[in-house]
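The values are calculated or read from the model by the stated rules, or taken from the named source; none is laboratory data. Because the structure is predicted, anything quoted here is derived from the model rather than measured. With ideal geometry, Cβ positions are generated from the backbone for all residues, glycine too; neighbour counts draw on all protein chains shown.
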Amino acid sequence: MSIRIDKLGYSPKFKYSFLLLIIVVYFDVCKLKRKYKMKFFQQLQIKRRSVRKYTQELLSSDETKLILEAALLSPTSKNKHSWSFIAVEDKDTLKALSVCKPHSAAFVADAAMAVVIAGNPLISNACVEDASIAAINMQMQAEELGIGSCWVQVRSRNYSETITSGEYINDLLNIPMPLEVVCVISFGKKEKERTPADIQNLRWEKVHIDKYEFEPENGDNTEL
């Protein structure tokens, strides 16, 4: 039921005070929401860690869609959308992807899904950067859903002495030229949670203000 304040018989002063209170509360709530959003994103960053061990549980169609939407929503240089994504859920194909390089990709075989991210250098000379932004977008979305993920570097890596990791994946997934695979991101339900990042131990020495300051070595303050 809707009740109009001007029909309750209160004095104009009371009405003014009441409306003012509503406005103050509204802006306080807005401030709290903004503060919560800021804190929420930082907590997401703190919690997100590379996860290489997964349960056998599959991702739901809604979870998969949200992760892929995060990729498609990612910004690109000059809005050229130089990336392409190949979502892989087939277990045999995941196993084949897991040997795209001699080390550091074996866990892909146990993932519920892997997304291969390729860039087109003919569309944009920033295709590697575009692909990288899309990758972390997907990883952050996955973390929000409680899903683990891990980056597998493909660009500048080798499958064998004569075949690059990118060439191996292009052949495996029928990826045409001139697309170049930048990375593979694995996704799956976490076998266990990892220890969050330590915000009290950030490498602030890597931050420079106004100009680069050389870091002293062994107590030597002499500028190079």
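Observations on the structure shown:
- Residues of segment 104-152 satisfying the condition of being among the β-branched types (Val, Ile, Thr), in contact with a Ser or Thr (Cβ under 7 Å, 6 or more places away or on another chain) and closer than 20 Å to Asn170 by Cβ: Val108, Ile123, Val152
- Matching entry among Ile133, Ile147, Ile123 (being in contact with a Pro (Cβ under 8 Å, 6 or more places away or on another chain) and modelled with pLDDT of 95 or more): Ile133
- Verdict on Asn120 being touching a residue at least 60 places away in the same chain (Cβ under 8 Å) and either within 19 Å of the chain's Cα centre (by Cα) or not assigned by TED's automatic domain parsing to the domain that holds Gly166 (or both): no
- Matching residues in segment 167-189 - criterion: being surrounded by fewer than 17 Cβ atoms within 10 Å (Cβ to Cβ), without any contact (Cβ under 8 Å) to a residue 40 or more places away in the chain and not hydrophobic (A, V, I, L, M, F, W, C): Asp171, Asn174, Pro176
- Of all residues in segment 110-125, those satisfying the criterion of being in a loop (DSSP other than H, G, I, E, B) and touching a strand residue (DSSP E or B) at 6+ places or on another chain (Cβ under 6 Å) are Ala111, Ala112.
- Matching residues, segment 144-166, being at negative phi, touching a strand residue (DSSP E or B) at 6+ places or on another chain (Cβ under 9 Å) and surrounded by fewer than 19 Cβ atoms within 10 Å (Cβ to Cβ): Trp151, Gln153, Arg155, Asn158
- Unmet criterion (only one of (1) touching a Phe, Trp or Tyr at 6+ places or on another chain (Cβ under 9 Å); (2) among the hydrophobic types (A, V, I, L, M, F, W, C); (3) part of a loop (DSSP other than H, G, I, E, B)) for Val182: (3)
- Index of the failed condition, Ala96 passing every other in (1) surrounded by 17 or more Cβ atoms within 10 Å (Cβ to Cβ); (2) within 21 Å of the chain's Cα centre (by Cα): (2)
- Residue that is closer than 23 Å to Ser60 by Cβ, outside any helix (DSSP H, G or I), aromatic (Phe, Trp, Tyr) and at pLDDT 95 or above, where the choices are Phe85, Phe107: Phe85
- Scanning segment 126-139 turns up one or more residues that are in contact (Cβ under 8 Å) with a residue 40 or more places away in the chain and in a loop (DSSP other than H, G, I, E, B).
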